[in-house]
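The values are calculated or read from the model by the stated rules, or taken from the named source; none is laboratory data. Please read these numbers as outputs of a predicted model, since none were measured by experiment. Don't worry about glycine lacking a Cβ; one is built from the backbone with ideal geometry, like all the others, and counts go over all protein chains shown.
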């Protein structure tokens, strides 16, 4: 088996995550789609690190995890505070900036 | 590591993967894709979060097999342990049953989204397929000589030291932002014990403490209402949760009937007419409209 199969898998996972962001309305699930995209990128980084024999890919994947963890904290806090004021976690409900 | 083993590992690393990893791939990859599709199709947010957790655990296993042992462990710790549990926590906080609305607010959004997603997948796969990659070098020698952790530490504190420094600023900012966003300013001062007591005297329907549950010498359970002097059960003595659930226990049939009538009509207006003879209507539990909850803030 070629190592490229892992890259294909990462591309498919990335597309599924992007489609989730486009289609779902629940803000939490949309956020999980973003996380899935980040994870797919990590898989590609790790695979390329192995293909090229350089450890830097794994280091960058570690940094991506770190940024994702910080992003999750802020994003979930935003979702909770929006839910507190609007009583809804739907991305359609937040339309105060519409007009 | 014996020389034969090292040579074999080197050979496996240079000529792509062995059969074991191929089997691993073909087992893990379909599960991961199906679980990721669960994110797309699950109706409830909890199911989506659980399938996402499955994807992340499997990704950790993949990292372990991809010669990234540290990253595999961190993936399981950080993503499955912290991030996904935070997601589940927020799902519980917001409400498990907050259903996704299925109406389209933008016309044709679903079709366009599916087309874009499929287009992205086709584009990525086509681009990957058209590229010729060099033969895989593998990280076996790097993981053996300085070791995986040592090599990563050398990179983090060498080439990536500036990114590492900036990361600390990012983490501090994120922590401050989360505190600011989750903080709720208290608009009114917190009521003190004196305020509560005054409110109870001035507004509460019942000034005295509520009667304790349990019938003397027969039961001592919280689901047994206390009996009033005329033998009728006192609804006030049982927790409101139990009476709402219909779990209040009453011994005699008349008690049950009287109780159900009182529960069905809290004002006791109709129950008074249908009381069996011998029961003093004055003591029948006509609970005030406010109920016992007005007493306990």
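Restrict the check to segment B:179-196 and report whether at least one residue is more than 10 Å from every other protein chain (Cβ to nearest Cβ), in a loop (DSSP other than H, G, I, E, B), over 30 Å from residue A:11 (Cβ atoms) and in contact with a helix residue (DSSP H, G or I) (Cβ under 8 Å, 6 or more places away or on another chain).
Of segment B:179-196, the ones more than 10 Å from every other protein chain (Cβ to nearest Cβ) are B:185-196.
Filter once more, keeping what is in a loop (DSSP other than H, G, I, E, B): B:185-192.
The next check asks that each one be over 30 Å from residue A:11 (Cβ atoms); those that pass are B:185-192.
Those left that are additionally in contact with a helix residue (DSSP H, G or I) (Cβ under 8 Å, 6 or more places away or on another chain): B:191.
Scanning segment B:179-196 turns up at least one residue that is more than 10 Å from every other protein chain (Cβ to nearest Cβ), in a loop (DSSP other than H, G, I, E, B), over 30 Å from residue A:11 (Cβ atoms) and in contact with a helix residue (DSSP H, G or I) (Cβ under 8 Å, 6 or more places away or on another chain).
Considering only residues that are more than 7 Å from chain B (Cβ to nearest Cβ) and buried (at least 19 other Cβ atoms within 10 Å of the Cβ), which ones fall in segment A:79-90? Spell out how you get there, then give the answer.
Filtering segment A:79-90 down to residues more than 7 Å from chain B (Cβ to nearest Cβ) leaves A:82, A:84-88.
Passing the criteria: only A:82.
Criterion first (at pLDDT 90 or above, touching a helix residue (DSSP H, G or I) at 6+ places or on another chain (Cβ under 7 Å) and within 7 Å of chain B (Cβ to nearest Cβ)) does residue A:76 satisfy it? Full working, then the answer.
Values: at pLDDT 90 or above: yes; touching a helix residue (DSSP H, G or I) at 6+ places or on another chain (Cβ under 7 Å): yes; within 7 Å of chain B (Cβ to nearest Cβ): yes.
Spelling it out, residue A:76 is indeed at pLDDT 90 or above, touching a helix residue (DSSP H, G or I) at 6+ places or on another chain (Cβ under 7 Å) and within 7 Å of chain B (Cβ to nearest Cβ).
Identify, please: which residue in segment A:15-34 is farther than 12 Å from residue B:40 by Cβ and either more than 7 Å from every other protein chain (Cβ to nearest Cβ) or out of contact with any helix residue (DSSP H, G or I) (no Cβ under 8 Å at 6 or more places or on another chain) (or both) and is, among those, surrounded by the most Cβ atoms within 10 Å (Cβ to Cβ)?
Of everything passing the filter in segment A:15-34, A:27 is surrounded by the most Cβ atoms within 10 Å (Cβ to Cβ).
Do the conditions hold for residue B:149, that is, is it under 19 Å from residue A:66 (Cβ atoms), loosely packed, with under 13 Cβ neighbours inside 10 Å, more than 8 Å from every other protein chain (Cβ to nearest Cβ) and modelled with pLDDT of 90 or more?
When the stated conditions are applied, residue B:149 passes them.
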